[in-house]
Amino acid sequence: MRYNKMVQGTIIKGIAGFYYVEAEQRIYECKARGKFRKENIIPLIGDNVLITLSEEENSSDRYPIATIEEILQRKNSLIRPPVANVDQAIVVFSVTYPVIHLDLLERFLLTIEKENITPYIVLNKIDEGNESEYSYIVERYSKIGYKVMALSAKMKINIELLKPHLKDKTTVFAGPSGVGKSTLLNALEKNLSLETGVVSEKIKRGKHTTRHVELMPLSMGGFVLDTPGFTSLQLDGITKEDLKQYFPEFVPLEGSCKFSGCTHVHEPGCKIRKAVETGEIFKERYDSYVTYYNQLKETRRW
Ligand SMILES: Nc1nc2c(ncn2[C@@H]2O[C@H](COP(=O)(O)OP(=O)(O)OP(=O)(O)O)[C@@H](O)[C@H]2O)c(=O)[nH]1
Ligand SMILES: [Mg+2]
Ligand SMILES: [Zn+2]
């Protein structure tokens, strides 16, 4: 057998069982070794990998062929959208259609808190929205400490507020279909011409225009990932015991309740519940906590 050269690269796209890996300024079309499937490991966009270059000629000769041999240690990863090694995540919602789904926003924030990814909340389509209808979201989440930006990708309003945050970072754009993730990326980077869709008149939802996750460079430095829209999210890998630590506004009060290991659900002398009463913690956030806590309690552990 001939010696195959091993090189390091990054998965930038995956389509129909093929992974596109950028290495040494080229893009290779790769299959993953069968061992990954056997071990239940799915290569993710953003993964740093070792590939072996094939001697055989690619019939389509669009890309040289290679094989993914190893996935290097991940800094973090998400299941939805399926990405690895990101610094920041921007969850995009629209202030018109599709309507904001606060439960999905909360779940997304929890999964990115868990992975230690810096969260941003973007409210798009303010050119058509009514400020009085969404200002409570800006206020609530800003007060908790999240970075919240209301903008219009289409009319390029407030785009410049977001841009500096992306420089030299790897940022994934996530959120439901039709909220304007691809439109926003096109507005942020002149070299991109991502396909954008329409929001259905009848059901007021997006049509899943973006089908694949793709990692793309920014001309100012840094990378962005466009992803397909999703409508539901599991709290994967989060236990009811850990849940409270992913609510940033709970963290400073942690340890001050009467009972150590207080779940903040029913114990007397709970400082979190006290803070909800005084309005220091938003009741809506506390209610989400209790809802998720009870859901996780019922989740069977395998
Ligand atoms: N009024 C208004 N419409 C916008 C804005 N941004 C995007 N849109 C429209 O929203 C629709 C959906 O935009 P996309 O960028 O395709 O949405 P997406 O989030 O990428 O959707 P998927 O790829 O399906 O997940 C298009 O018709 C856009 O023109 C905005 O700021 N204002
Ligand atoms: Mg899109
Ligand atoms: Zn408590």
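Here are some notes:
- Across every direction, the projection of the convex hull enclosing the Cα atoms of the chain has a mean area of 19.1 nm².
- Stokes-Einstein D for segment 243-298, Kirkwood Rh over Cα pairs, 37 °C, 0.692 mPa s (µm²/s): 290
- Between the helical axis of 131-144 and the longest alpha-carbon principal axis of the chain there is an angle of about 90 degrees.
- Of the trypsin sites (Lys or Arg not before Pro) found in segment 240-302, the ones in coil according to DSSP and having at most 15 other Cβ atoms within 10 Å of their Cβ are K258, R300, R301.
- Contact order for the chain, expressed relative to its length and based on alpha carbon pairs under 8 Å spaced 6+ residues apart, stands at 14 percent.
- Nearest-ten-degree value, helix 283-298 long axis tilted from longest Cα axis of the chain: 60
- Taking amide H positions as modeled 1.01 Å from N, with prolines and chain starts lacking one, the residues under 5 Å from R205 and 5 or more places away or on another chain are S200.
- In the chain, helices alone account for a calculated mean residue ellipticity at 222 nm of -7000 deg cm²/dmol, with every DSSP H run of four or more residues adding -39,500 (n - 2.57).
- Residue-normalised accessible area of segment 78-226, given per residue in Å² at a 1.4 Å probe: 46
- Alpha-carbon spread of segment 6-73, three principal axes, descending order, Å: 31, 21, 21
- With at most 11 other Cβ atoms within 10 Å, longest stretch of the chain clear of loop GluC sites (Glu not before Pro) (DSSP): 58-194
- In degrees, nearest ten, helix 102-114 long axis to first principal axis of the chain (Cα): 70
- Overall, the accessible surface of the chain at a probe of 1.4 angstrom is composed of carbon and sulfur to the extent of 49 percent.
The values are calculated or read from the model by the stated rules, or taken from the named source; none is laboratory data. This structure is a prediction, so every number in the text was calculated from the model and none was measured. Quick reminder, even Gly has a Cβ in these numbers, built from the backbone with ideal geometry, and neighbours come from all protein chains shown. Accessible surface areas use protein heavy atoms only, side chains included; no ligands, DNA or RNA. Shrake-Rupley method; radii C 1.70, N 1.55, O 1.52, S 1.80 Å.
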